[in-house]
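**Q** Provided herewith is a single structure, encoded as structure tokens, for subsequent inquiry.
Every read-out reported here was derived from the displayed coordinates using simple, explicitly stated rules and does not represent laboratory data. None of these values were measured; they are calculated from a predicted model. All Cβ positions, glycine included, derive from the backbone under ideal geometry; neighbour counts span all protein chains shown.
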Amino acid sequence: MSDAEPSDATDSETDSGGVTVPDADADVELDAVSESADMVDVPLKVRDLRKTFGGITAVDNAGFEIKKGSMTGLIGPNGAGKSTTFNCITGTYTPDSGVVEFNGEDITGLEPYEVAERGLVRTFQIARELSEMTVLENMMVAPMHQRGEALWRSVFARNDVNKQEEEILERAWETLEFFDIEHLANEYAGNLSGGQRKLLEMARALLTDPDMLLLDEPFAGVNPTLEERLLEHIHELRNQGYTFLIVEHDMDLIMENCEKVIVMHQGRILTEGTPEDVRNNEDVIEAYLGGEV
Amino acid sequence: MPDQPTDASDTPTEAPEQAPDTPEQPMTGIRERLQFARESISLRHVIAVVAFVALALLPFEAEPILMLKLTAAFYFAMFAMSWDVVSGYTGELSFGHSFLFGIGGYGAALMTLEVGTSPAVSIAVGTLAAMVGGLVIGAPALRLKGPYFAIITFLLPTALLDFFIVYKDVFGGELGLSSPDYLVSAETQLTTIAANYYLALAVLAVLFVLLYLVTRSNTGKIFTAIRESEDAVGSVGINPAKFKIFAFVLSAGVGGFAAAMFVHTPAGSPNPTQLLAVTVSINVLLATIFGGIGTISGAALGGVLFYMVRDWLSDITTEIPLLGIEFGDVDLVIFSLVILAIIYFLPGGILGGIERLVSTARGEEPDRVMADGGGRPLERIVDRYRRSFANEDGDDTNSEPRSANDDPERVRERRPEDGEPR
């Protein structure tokens with residue numbers, strides 16, 4: 001991120017990119033208005049997003065859209081602003097300016113839990129497992145609006161809570177089975193390996209019934225076998241209709257698995273397009289390899 | 001999958017896991033019976049029941065002064081439990097819980113002394129005042145990330161004490177107020193002391209059960225989850241701030257109630273030393289660590305033990321060799337060293353230590369002093385007792401030996417058995 005400052009040279013291209021995106025917005029929004037929220041074709045829209053930390057501009061007028069049911073990769077070298085963008089979308093940071101729209105609703109600056117409530121659910125680069133709770137307990141925290149979240153009901157009036165909890169338990173087991181970690185259900189989450197934690201985290205995110213999943217470096221620190229499995233799961237979920245935005249700096253992984261790739265560099269969107277387009281884009285080659293081909 | 005569940009989360013996994021280490025033998029001698037009881041009902045419950053019965057029988061033997069001290073110790077244990085709900089469970093460290101005790105205790109005492117309400121009404125008012133205080137402080141402070149909550153809470157009791165000193169006509173300054181009427185009093189002093197002793201023990205038991213159920217409920221699970229990772233809780237659409245405030249107000253209610261009761265007994269009076277001083281806040285924290293942080297049983301045990309042991313230490317007039325000072329003069333120093341040793345050697349506190357000792361002696365993998373499985377708290381506990389007396393397995397999910405993990409992907413070391421104190 002320290003190299004964000006001396007980048008005036010690329011200003012002009014990004015600006016032109018920034019102009020085209022709102023145009024596309026206008027078209028899509030007309031469609032969106034006529035349809036209900038879950039039918040929105042472009043659930044996530046980010047416009048002119050900007051976030052500075054002191055003198056460093058981490059995200060500089062970034063804008064992009066994610067189509068429903070798509071799998072999009074957000075890549076870029078270290079310090080490109082991927083994670084900051086991600087955190088601005090999910091409410092961890094409040095952007096200085098710009099708009100984040102999800103399912104036609106402006107969610108800019110909402111708290112993380114409010115963003116999650118709206119069906120935009122994230123995972124973390126370093127898995128945030130609840131280490132002193134069992135895997136099953138980790139899972140059962142996730143489903144939204146549980147009746148047991150009310151203190152009085154959860155302690156004293158339990159019949160309806162229990163009924164709901166049994167359903168949730170069933171779903172939790174199914175989801176654990178889907179990720180092949182049901183044998184760990186009663187293990188403390190803190191006892192899991194790094195890769196298993198990533199699986200657990202994705203399983204937990206799924207259990208919230210999300211419309212869209214934002215995965216922050218899901219493959220970091222995961223061994224190749226597990227990575228393969230994780231990818232299979234993601235593809236399978238995507239075939240079920242989930243929308244994915246994946247932040248990753250392993251370019252090849254994204255190129256092979258995503259149909260659309262957004263490349264960030266020094267806080268700006270360098271380019272976006274199919275893996276083919278991006279692979280042949282000279283700016284991208286320059287950003288990644290520093291000029292060498 | 002060997003143990004597909006059909007019911008509440010803790011039932012299914014027991015049967016297969018329990019089979020190897022619970023040999024089905026006819027119960028003959030008392031030792032076998034005890035052994036069985038220990039395996040069916042968690043050790044913590046056995047300790048709690050035995051301690052409760054012992055304390056209930058004590059007045060038949062004890063000196064009145066000991067009863068008074070124990071009465072104070074019981075209220076102190078309630079303070080510790082109230083602290084544990086916030087700091088032990090949600091992980092938000094409060095260094096100023098005496099602020100809440102002060103509001104509850106002084107509020108109730110002033111009602112009785114100045115307004116002239118009956119002690120019962122005053123106690124209710126004091127409790128409410130403490131809860132309002134908790135809400136007013138907690139709502140903004142608990143939204144802050146990082147150590148700011150701890151810092152804010154640290155300043156509160158000092159500020160309140162200064163306020164009490166400035167308006168000492170009303171609040172009695174550093175000397176405190178005179179004792180209001182007792183909530184229960186009898187003909188003779190001895191009976192009054194005994195009655196207050198039993199009252200304190202009963203209140204301790206009721207609050208213990210209440211907090212035990214709360215911390216084992218779904219809401220309690222969220223408290224624990226917040227301690228483990230606030231980000232994770234937020235990421236699944238639960239507002240961590242709401243539940244932290246929840247815990248804090250509950251804690252304020254319990255602590256304020258205990259303080260309000262306390263000032264209406266012969267053991268306590270509304271003065272800074274017993275309710276409001278910084279040392280009260282710190283002692284509550286130390287007592288909980290001493291007993292076992294993050295467990296209501298640990299806080300209760302720690303509270304009573306801490307109070308009694310410190311009291312015992314401060315009465316020792318033997319001179320420390322070479323230094324030429326009495327033990328009693330440096331009791332806090334000695335006790336602090338003991339606490340340091342406990343933090344280092346027994347991260348789960350006394351309770352964790354006992355549990356570890358027992359399970360090691362039984363050749364099991366030690367159980368961590370932490371959360372039970374999900375489900376309906378009261379029913380689950382009652383059910384466990386019922387099943388254990390009906391000769392079935394009835395242990396917690398977490399009491400089972402954790403399954404050995406043979407996964408080749410397993411690259412990390414197993415975590416230490418006892419959770420780090422937070």
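**Q** For A:Glu114 and A:Thr225, compute 0.36 nm times the residue count separating them, minus their Cα-Cα distance, and round to one decimal in nm.
**A** Computed gain between A:Glu114 and A:Thr225 is 36.5 nm.
**Q** Which whole-number value in Å³ per residue fits the convex hull of the alpha carbons of the range B:48-277? Mind showing how you got there, number by number?
**A** Details: hull volume 25.7 nm³, N = 230.
In the range B:48-277, the Cα convex hull volume per residue is 112 Å³.
**Q** Something else: Would you mind working out the magnitude of the charge dipole of the range A:143-284 relative to its Cα centre, with +1 at each Lys and Arg C-beta and -1 at each Asp and Glu C-beta, to the nearest 20 Debye?
**A** 680 debye
**Q** In debye, nearest 20, what is the charge dipole magnitude of the range B:147-290 about its Cα centre with +1 on Lys and Arg Cβ and -1 on Asp and Glu Cβ, if you could check? Could you put the intermediate results ahead of the total?
**A** Numbers: 6 positive and 8 negative charges, 92 e Å.
With Lys and Arg at +1 and Asp and Glu at -1, about 440 debye.
**Q** Suppose R0 equals 60 Å. What FRET efficiency, 1/(1 + (r/R0)^6) with r the Cβ-Cβ distance, do B:Val53 and A:Thr52 give to the nearest 0.05?
**A** With R0 = 60 Å, the Cβ-Cβ based efficiency is 0.40.
**Q** Whole Å is fine, so just give me how far the alpha carbon centre of the range B:199-249 lies from that of the range B:142-189.
**A** After rounding, the separation between the Cα centres reads 25 Å.
**Q** I'd like the FRET efficiency for B:Ala202 and A:Gln125, computed as 1/(1 + (r/R0)^6) with the beta carbon distance as r and R0 of 51 Å, rounded to 0.05.
**A** The calculated FRET efficiency here is 0.50.
**Q** Related question: Work out, in µm²/s and without decimals, the Stokes-Einstein translational diffusion coefficient of the range A:47-150 at 37 °C, 0.692 mPa s, Rh from Kirkwood over C-alpha pairs.
**A** 212 µm²/s
**Q** Would you work out the charge dipole size for the range B:48-277 about its Cα centre, treating the Cβ of every Lys and Arg as +1 and the Cβ of every Asp and Glu as -1, and quote it to the nearest 20 debye?
**A** The dipole of the range B:48-277 has a size of about 660 debye.
**Q** With a Förster radius of 45 Å, plug the Cβ-Cβ distance of B:Ala120 and B:Tyr148 into 1/(1 + (r/R0)^6) and report the FRET value to the nearest 0.05.
**A** Details: r = 38 Å, r/R0 = 0.84.
Between B:Ala120 and B:Tyr148 the formula returns 0.75.
**Q** Give me the number: length gained by fully extending B:Thr191 to B:Asp315, i.e. 0.36 nm times residue separation minus the C-alpha to C-alpha distance, one decimal in nm. Don't skip to the answer; put the middle values down first.
**A** Numbers: separation 124, 0.36 × 124 = 44.64 nm, distance 2.59 nm.
Roughly 42.1 nm would be gained on extension.
**Q** Once Lys and Arg get +1 and Asp and Glu get -1 on their Cβ, which of B:Gly268, B:Ser251, B:Asn196 lies farthest toward the positive end of the dipole of the range B:48-277?
**A** Final value for the positive-end residue is B:Ser251.
**Q** Expected output is a single nm value to one decimal: the length gained when fully extending between A:Asn280 and A:Glu256, i.e. 0.36 nm times separation in residues minus the C-alpha distance. What is it? Mind showing how you got there, number by number?
**A** Details: separation 24, 0.36 × 24 = 8.64 nm, distance 1.45 nm.
Fully extending the segment from A:Asn280 to A:Glu256 adds 7.2 nm.
**Q** Could you tell me the ratio Rg/Rh of the range A:116-176? Both radii from Cα atoms, Rh via Kirkwood.
**A** 1.00
**Q** While we're on this one: Among the lysines, which have Cα under 28 Å from the Cα of B:Lys244 when same-chain residues fewer than 8 positions away are ignored?
**A** Those lysines meeting the cut-off are A:Lys163, A:Lys198, B:Lys145, B:Lys221.
**Q** Which residues in the range B:298-316 place their backbone N less than 18 Å from a point set 7 Å from the Cα of B:Ala341 along the Cα-to-Cβ direction?
**A** Only B:302, B:305-316 pass the distance filter.
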